[in-house]
Structure formats: C-alpha cells, structure tokens
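The block underneath contains the structure these notes are about, expressed in structure tokens.
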Amino acid sequence: MRLTPIETPRNPLMRLMYWVMKRQFGRAITPMKVIFARLPRAVAAQLGIYFGLSGKHGIEPGLLLMLQSHVATINGCSFCVDIGRAMVTYQGLTFEKIDAVADFRTSPLFTARERAALAYVEEATRTKRVSDETFAALRAHFTDEQIVAITWVNAVENYFNLLNGPLGIASAGLCSIAEGRVAGRAAAAQRPAA
C-alpha cells in the first residue's frame, strides 16, 4: 500500500463512517482509511454512487456480484474481488459461478442472459465501447432500465478499481471475516433457546 491507512480519524463524519463499516464488514474498509479519511468531502459523492446501485431494477443480486467480480478481476483489483466475495457470503449465495466467471462463455453454469451481461461489461471494461453485436445480445435479455443499471454497475466498479489500484489497496480479508460471521450466526441459530 502506498499510503498509510488512518486508523483513528479526527473528523466526526469519518468516525461515524468507520463505525458503520465496522458493523457492516467487521472493520473499517481500507479505501475508507486511505482515501476518504484524507478526503472526507468525497464521502457524500461516494454515498450517492452507492444509492445509484440500490433499488429495484430487475437484476438479481447474484448477477450484479458476478459482473462486479468479473470487472474487478479484469482490472486486477484484489480489494474489490475480496469485498465482492464477502457480499456473496453475506447474501447467502455460493461461489460456484463467481469462481467460474472467467469461463462464462463456455461453462454450462451460465445462462445466455448472464453471458450477455458478462460479455457486455468485459468489452466495455477492456475497450470503453461495445460492438453492435455485444449490445444486441444484451438487449435480447434486458430492458432499457436494466441495461442502464448494468452499465452503471460496470462504470462504478471500474471507478472503484481506479481508486484502489494506483494506491496499492489490496485484499483486506473481508471475505474471511464474512465467512466467520455467517458461520457464527448459523451456530447461534442452532443452539437451543434457554
């Protein structure tokens, strides 16, 4: 990592953000400690980006996570791959498709709909454009709103990757924390009530 994480911010907003992140992920995430602790006025913009990803757009969470993972892998953002895997764990999904996403074109695990979305984000990430054929394949499976949502997810993931990569922000073990927390919750749920 090229900049030392700020473990104890002075800014009250940042202290609140660290607390929120700790509750959500088990620790304040590294980009928060490296980037936003130094640029707290950017937090509102960051929250706006997250808000753009929320809501009902008809794209299942598993597909969104596959798209994000594929883009992060293409861009070599190990932090984003790690946090994506943590989200898979928290949402109770499996890693089967996430782990096979590099072979989406040939793997029988993927539907034509998933292949079209993955090809779209891959081409857009690599070339910043998409061919008419790639777009037509996407249009065959998604509404206009869903196409915009997929494009948004792709752009946002590339944005996150561009923040983390140059600063050397790497995997933070968030997936391991998520697995431990989920296993702990499952064990607690199986204990007999007193």
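A few notes on this one:
- Within this structure, residue 145 passes the test of being open to solvent by 30 Å² or more (accessible area, probe 1.4 Å) and charged (D, E, K, R).
- Helices (runs of 4 or more DSSP H) completely within segment 1-113 that count 3 or more residues being open to solvent by less than 60 Å² (accessible area, probe 1.4 Å) and in contact with a helix residue (DSSP H, G or I) (Cβ under 7 Å, 6 or more places away or on another chain): 12-25, 43-53, 61-75, 78-90
- For segment 117-142, the tally of residues that are loosely packed, with under 14 Cβ neighbours inside 10 Å and in contact (Cβ under 8 Å) with a residue 40 or more places away in the chain stands at 1.
- In segment 124-181, residue nearest to residue 36 (Cα to Cα) [restricted to those that are aromatic (Phe, Trp, Tyr) and in a helix (DSSP H, G or I)]: 160
- Pick from segment 148-166, criterion in contact (Cβ under 8 Å) with a residue 60 or more places away in the chain and of a type in the set (Gly, Ala, Ser), ranking: least open to solvent (accessible area, probe 1.4 Å): 149
- Cβ pairs under 6 Å, 6+ apart, first in segment 58-81 and touching a residue at least 24 places away in the same chain (Cβ under 8 Å), second not aliphatic (A, V, I, L, M) and not in a helix (DSSP H, G or I): 61/91; 78/171; 79/171
The values are calculated or read from the model by the stated rules, or taken from the named source; none is laboratory data. Model, not experiment: these values are computed from the prediction. For neighbour counting, all protein chains shown are included, and Cβ atoms are generated from backbone atoms with ideal geometry for every residue, glycine included. Please note that ligands, DNA and RNA were not included when accessible areas were found on the heavy atoms of the full protein model with its side chains. Shrake-Rupley method; radii C 1.70, N 1.55, O 1.52, S 1.80 Å.
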